[in-house]
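Okay, structure first, notes after.
The values are calculated or read from the model by the stated rules, or taken from the named source; none is laboratory data. Worth saying up front: this structure is predicted, and the values here are computed from it rather than measured. Cβ sites come from the backbone with ideal geometry, for glycine too, and all protein chains shown count toward neighbours. Just so you know, the surface numbers come from the protein's heavy atoms only, side chains and all, with ligands and any DNA or RNA stripped out. Shrake-Rupley method; radii C 1.70, N 1.55, O 1.52, S 1.80 Å.
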Amino acid sequence: MSDRFDLRRLVNHDANLVQLVVLTVVIFALMTALSPEKFLRAYNFESMTFLAPELGLLSIAMMLSMITGGIDLSVIGVGNLAGILAGLFFHAMGGTHGPALAGLGGGIIAIGVAIAIGTGLIAGFINGVLITKLHITPILATIGTAQLYVGICLVLTGGPAVVGFPNGWDAIGNTKLFGLALPLLLFLAVAALTAVLLTRTPLGINLMLIGTNARAALFAGIRSGRAVLVSYVMSGALASIAGILLSGRVNAAKADYGTSYLLEAVLVAVLGGTNPSGGKATVLGVVLALTALMLLSSGFQLMRFSNFLVDFIWGSFLLIVITINAFRNRG
Amino acid sequence: MSALLKRSETVIFLVLLAAVIITGLLNPAAWQLSNIFSLLRANVITGIMALGVLVVMISGGIDISVPYFAMAAMYVTILGMLKTDYAGIFLPFVVSTAIGLALGGLNAFFVHTVRMIPMIVTLGTGTMVRGFLLGVIGTSNINRDQMPGQLIDFASTALVKMQAPDGSTIELSAMVLIYVALALVVHFILAHTMIGRGLYAMGGDREAARRAGFNVRRITWFAYCLSGALAGFAGLLYVSMSWLANPRDLAGTEMDLLAAVVLGGASIFGGRGSVLGTMLGVFMLVLVNNSLIILHVSTTWQRVAVGLIVITACAVTAWRDRRAAAA
């Protein structure tokens, strides 16, 4: 009891960020101590830089919807739909397999990217309209659209995966640029842009105000409907970029890929200091939380824990973190 | 009359009636007794789990851990029965229900004591329990010839049995009775007991309910434990009816449960909802899936149809609430 008291005094205002840094270091040290020869290999960290960005993008998407006290449960559906639509487009252009598909040119790839991101923008816009214009609670609206988007994935594919993407598309998820994974660079760029948007633009500041007190924001003359709508459009766009990375990395797209990312995205967002009731969120916190959790799950996977067990650990972690935060905030 | 029309139960009932008539006209097979019996049977499991979700939603919470608790309680119970060669029926259901109840207590603890948003809590506990079940307890299916026979016999009990003109037997599962009985119990609790009043009061305004003397802690625990208990019971009944215990089953059906309860007129903010409405909402979802099959629409369209129905129902409810607030 007493050391929690001291810790609280030690870390005051930016307590959450300090807590996250401490957590990351502790997990790193723990994993290193448990299996140094496996965990500290360069290959391990490199594979993390290809995997983490998908979850990172989804977590930032989740964070954006949580800023105004909402939630976006449709992110996985949006990501998969974006990948599937792009895949079907490529199959229409270059056949379902063979060198013609693999060798599709840069122009076609660019159109594919546009289709995917366009899907995310439209899907996010639909979410936003349902929430701001039809006044449906975000949970219900995005549960409904999650069913709808996954349903469309199933109708388009009939169930099985769309396998086989052009080499240029796969490169997005698998190549390195300046010695770093391309997905990582993309993620860092998106994260930086979002951070600037949230802290330095009227839109971001308005979103924070709406999340803190929707009524006060209304009286202050903020056009909250529009700001919230934009936040869901952005959430959809980020989800579709995650879909591009995922389908590029595994060279396939399917209606139920990445379903465990939903909880993980919520977890990363909440662990990163996002208040699910709205009004509080930082991109830096989310990036730190992502780092901590990627280290944790990679360490457990190296120790041959099953994926299910890693799910169990993530779930427990979420509950422990919210408990600690609750007691800390109460004091 | 207008008061009756304003009730969401009436609206869903009319929509349901229209749907039944239209599918029947398009394909008379829909009105065959065998189809109606199988429709009723299909309500049982979703219905029992939805009752728990309803109680939590009335209290102002949300519970998306239900299908995962159901599978965990079921699987542990079945494994225990196989280990001990237990031959009864009653005790396994008690055990499965008790496991569900204990897991529900976990939700209640985090929701009440930690004061975390129920959505996040139940997402966490659901994932945790599922991860533990599949990562530690086991992933293998227990199929027809390994399943305890007495459970299958029990779940095959027929209420009505008759010969169809073509010689096949048509029967109505007696499990429908269990569903109706549980629904009546939950209805009685909600409508005629102090804790039921408390659930509505707390869902309407937690602080006001507390000041009015309701024990909000006890009410929260009651709601989540009841939901967990119903999940545990439904889980074992589900595998007894389907003759296969697969711990991966029912994943993702939490969204269907929420959809059914919301379709049934319950408010996601709490304080509003009824057993009859939820039963109609469940029936609606079952009917949609059944009608699509009867009308020869590819089953891949089911999710799209359910999604559109949920969105439409929520939009209509939101619009009605706003109009009521403005008036």
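Screening the range B:298-310 for residues that are open to solvent by 70 Å² or more (accessible area, probe 1.4 Å) and more than 17 Å from B:Leu257 (Cα to Cα) and picking the one that is nearest to the other protein chains (Cβ to nearest Cβ) gives B:Trp301.
Starting from the range B:52-78, keep only residues that are on the phi > 0 side of the Ramachandran plot, then list their pairs with residues that are among the charged types (D, E, K, R) whose Cβ atoms are within a distance under 9 Å, requiring at least 6 positions of separation or different chains. Between residues of the range B:52-78 that are on the phi > 0 side of the Ramachandran plot and residues that are among the charged types (D, E, K, R), the close pairs are B:Gly60/B:Asp205; B:Gly60/B:Arg206.
Each residue in the range B:116-142 was checked for being open to solvent by 60 Å² or more (accessible area, probe 1.4 Å) and part of a loop (DSSP other than H, G, I, E, B), and 2 of them qualify.
Take the conditions away from every other protein chain (no Cβ under 14 Å), open to solvent by less than 10 Å² (accessible area, probe 1.4 Å) and without any contact (Cβ under 8 Å) to a residue 12 or more places away in the chain and apply them to A:Gly236. Does it pass? Explain how you work it out, then say what you get.
Numbers: away from every other protein chain (no Cβ under 14 Å): yes; open to solvent by less than 10 Å² (accessible area, probe 1.4 Å): yes; without any contact (Cβ under 8 Å) to a residue 12 or more places away in the chain: no.
No; evaluated as a whole, the condition is false for this residue.
Take the residues of the range A:273-284 that are more than 14 Å from chain B (Cβ to nearest Cβ) and surrounded by fewer than 22 Cβ atoms within 10 Å (Cβ to Cβ): which is modelled with the highest pLDDT? For the range A:273-284, the residue satisfying everything is A:Leu284. In a helix (DSSP H, G or I), within 11 Å of chain B (Cβ to nearest Cβ), surrounded by fewer than 18 Cβ atoms within 10 Å (Cβ to Cβ) and hydrophobic (A, V, I, L, M, F, W, C), is that true of A:Ala326? Yes; evaluated as a whole, the condition is true for this residue. Does A:Leu218 meet the test of being away from chain B (no Cβ under 14 Å), surrounded by 23 or more Cβ atoms within 10 Å (Cβ to Cβ) and not small (Gly, Ala, Ser)? Spelling it out, it is not the case that A:Leu218 is away from chain B (no Cβ under 14 Å), surrounded by 23 or more Cβ atoms within 10 Å (Cβ to Cβ) and not small (Gly, Ala, Ser).
Residues of the range A:133-149 include none that is of a type outside the set (D, E, K, R), in a helix (DSSP H, G or I) and touching a strand residue (DSSP E or B) at 6+ places or on another chain (Cβ under 8 Å). For the range B:68-115, a residue qualifies if it is open to solvent by less than 30 Å² (accessible area, probe 1.4 Å) and within 14 Å of chain A (Cβ to nearest Cβ), and the qualifying residues are B:Phe69, B:Met71, B:Ala72, B:Tyr75, B:Gly105, B:Asn107, B:Ala108, B:Phe110, B:Val111, B:His112, B:Val114.
The residues listed here are A:Val287, A:Val270; of these, the one that is open to solvent by less than 50 Å² (accessible area, probe 1.4 Å) and closer than 23 Å to B:Phe109 by Cα is A:Val270. Scanning the range A:247-262 for any residue that is open to solvent by less than 10 Å² (accessible area, probe 1.4 Å), in a helix (DSSP H, G or I) and farther than 19 Å from A:Leu198 by Cβ turns up at least one such residue.
Just a yes or no: is a residue in the range A:295-305 part of a helix (DSSP H, G or I), within 28 Å of A:Ile143 (Cα to Cα), within 11 Å of chain B (Cβ to nearest Cβ) and touching a helix residue (DSSP H, G or I) at 6+ places or on another chain (Cβ under 7 Å)? Quick ask: steps written out before the conclusion?
Just the residues of the range A:295-305 that are part of a helix (DSSP H, G or I), to begin with: A:295-302.
With within 28 Å of A:Ile143 (Cα to Cα) added as a condition, the list becomes A:297.
Then drop every residue that is not within 11 Å of chain B (Cβ to nearest Cβ), which leaves none.
Checking the range A:295-305: not a single residue is part of a helix (DSSP H, G or I), within 28 Å of A:Ile143 (Cα to Cα), within 11 Å of chain B (Cβ to nearest Cβ) and touching a helix residue (DSSP H, G or I) at 6+ places or on another chain (Cβ under 7 Å).
Taking first residues from the range B:178-196 that are hydroxyl-bearing (Ser, Thr, Tyr) and partners that are assigned to a helix (DSSP H, G or I), the Cβ contacts under 8 Å between residues at least 6 apart in sequence or on separate chains come to B:Tyr179/B:Asn43; B:Tyr179/B:Val44; B:Tyr179/B:Gly47; B:Tyr179/B:Ile48. Considering (1) away from every other protein chain (no Cβ under 14 Å); (2) under 18 Å from the mean Cα position of the chain (by Cα), the lone condition that A:Leu267 does not fulfil carries the number (1).
All told, A:Leu318 meets the bar of being buried (at least 24 other Cβ atoms within 10 Å of the Cβ), within 13 Å of chain B (Cβ to nearest Cβ) and in a helix (DSSP H, G or I).
Restricting the range A:213-246 to residues that are modelled with pLDDT of 85 or more and either among the hydroxyl-bearing types (Ser, Thr, Tyr) or touching a Pro at 6+ places or on another chain (Cβ under 7 Å) (or both), the residue that is farthest from A:Ser260 (Cα to Cα) is A:Ser231.
Of the residues A:Ala253, A:Ala227, the single one that is small (Gly, Ala, Ser) and farther than 25 Å from A:Leu88 by Cα is A:Ala227.
The condition (being open to solvent by 10 Å² or more (accessible area, probe 1.4 Å), in a helix (DSSP H, G or I) and either without any contact (Cβ under 8 Å) to a residue 40 or more places away in the chain or closer than 20 Å to B:Asn35 by Cα (or both)) is satisfied by just one residue among B:Ala313, B:Ala324: B:Ala324.
Anything in the range A:290-312 that is under 17 Å from A:Ala29 (Cβ atoms), open to solvent by 30 Å² or more (accessible area, probe 1.4 Å) and either modelled with pLDDT of 85 or more or not hydrophobic (A, V, I, L, M, F, W, C) (or both)? List them, or say none. Matches in the range A:290-312: A:Thr291 only. Hey, any hits in the range A:93-104 for a residue that's open to solvent by 30 Å² or more (accessible area, probe 1.4 Å) and of a type in the set (S, T, N, Q)? Yes, the conditions are met somewhere in the range A:93-104.
Scanning the range B:14-49 for residues that are open to solvent by less than 70 Å² (accessible area, probe 1.4 Å) and more than 25 Å from the chain's Cα centre (by Cα), we see that the one that is modelled with the lowest pLDDT is B:Ala29. Restricting the search to the range B:247-284, which residues are charged (D, E, K, R) and surrounded by fewer than 22 Cβ atoms within 10 Å (Cβ to Cβ)? Result: B:Arg248, B:Asp249, B:Arg272. Restricting attention to the range A:147-171 and to residues that are more than 7 Å from chain B (Cβ to nearest Cβ), of a type in the set (A, V, I, L, M, F, W, C) and surrounded by 21 or more Cβ atoms within 10 Å (Cβ to Cβ), the residue that is farthest from A:Thr96 (Cα to Cα) turns out to be A:Cys153. Scanning the range B:286-297 for residues that are in contact with a Leu (Cβ under 7 Å, 6 or more places away or on another chain) and under 18 Å from B:Leu263 (Cα atoms) turns up B:Val286, B:Leu287, B:Asn290.
Within the range A:105-146, the set of residues being buried (at least 21 other Cβ atoms within 10 Å of the Cβ) and free of Cβ contacts under 8 Å to residues at least 12 places away in the same chain comprises A:Ile136, A:Leu140.
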